[in-house]
Amino acid sequence: MKTRNIWMGIALLFSVLLLATCGGDSGTTPAPPPAPAPAPAPAPAPTPAPEPEPETPEMVTYEFPVGSIKPNYASPDSLLIVLGAQPYPQGASASEEVAFVAHPLGTTLWELGGMASEGLEHLAWDGHAHDLTDEAEAMGWMVLAEDFSTVQTLLQAAEITLSAEFPCLSYAQQLDPSPDWFVGFNVCAIHDDNGELHWEETLTVRAEMYDAGVRDGEPYMDDTGRTDPQEPITRVMLPPWDTEAVLEITATLRAE
């Protein structure tokens, strides 16, 4: 009986040891699972695209109502007399033929300090404008008027439409009698700002008296011969032309 109890004790001990080996605590703590990866940072908001610059309109219109026209001198039969102009001094008058041209930026039909072309010489000397307008057409420019009647019609319309292709205006009209004087102006309605073209909000026209530099003679008298050598185009600086314009116009860009 005693021996049986010993074997039962041994069996019980082996059972305890077996349980400890198979199911008990091994004495080590299992490693914790890895921490989840942090969520990615949200992508930055895209930078908004800059607003595109407005394109330069291809065609614009300038308005010049009666109050914006200041005629100082004109021929006796001109519409400008009605608007307040006084007759030219010494009984002179402006030729019916004119050269009124629209042309590209950076070009001109004539310029102060430059030399008169053959066409301008004819206009200033004998009053015929067709040679000068032919020069303009040969360069592909737009002739707006070849006679003063058409110019008066434009003045009565009180507006003029210009294109980005031909945004500049040049004008020439002989004063008779004179050796080679002419009424003229050059003006551009557009300017280049670092490669970008912008229309002027206001266009100021000041028609003044010029000497073409091609004929000699006394003021308000026919020429006495060719100027040799030819001289540059200059302002006539005799009164009233030293201080006064023949005509002044302030035109305003029409809002589209």
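The values are calculated or read from the model by the stated rules, or taken from the named source; none is laboratory data. A quick note: this is a predicted structure, and the numbers were derived from the prediction, not measured. The protein model used for the area step is the full one, side chains on, heavy atoms only, and it has no ligands, DNA or RNA in it. Shrake-Rupley method; radii C 1.70, N 1.55, O 1.52, S 1.80 Å.
Remarks
- Computed over the stretch 62-143, relative contact order equals 22 percent, with contacts defined as Cα pairs under 8 Å that lie 6+ residues apart.
- Interchain or long-range residues, amide H under 5 Å from Glu159's placed H: Phe64
- Cα Rg over Rh - the stretch 116-256, Kirkwood: 1.00
- Computed across the stretch 91-133, the Kirkwood hydrodynamic radius from all distinct Cα-Cα pairs reaches 11.4 Å.
- Sulfur and carbon atoms: percent of accessible area, the stretch 192-251 [1.4 Å]: 46
- Note on Met139: accessible area approximately 110 square angstrom, rounded to 10, probe 1.4 Å, nucleic acids and ligands left out.
- The amide H of Leu83, built 1.01 Å from its N in the peptide plane, has no neighbour under 5 Å, considering only residues 5 or more places off or on other chains.
- Per residue solvent-accessible surface (Å²) - the stretch 180-251, probe of 1.4 Å: 50
- The H on the amide N of Tyr73, modeled in the peptide plane, is under 5 Å from the matching H of Gln86, each at least 5 residues off or on a different chain.
- Percent RCO, i.e. relative contact order, over the stretch 137-256, from Cα pairs under 8 Å lying at least 6 residues apart: 22
- Ordered from largest to smallest accessible area (heavy atoms of protein chains, 1.4 Å probe), the residues Asp228, Asp131, Asp180, Asp222 come out as Asp228, Asp222, Asp131, Asp180.
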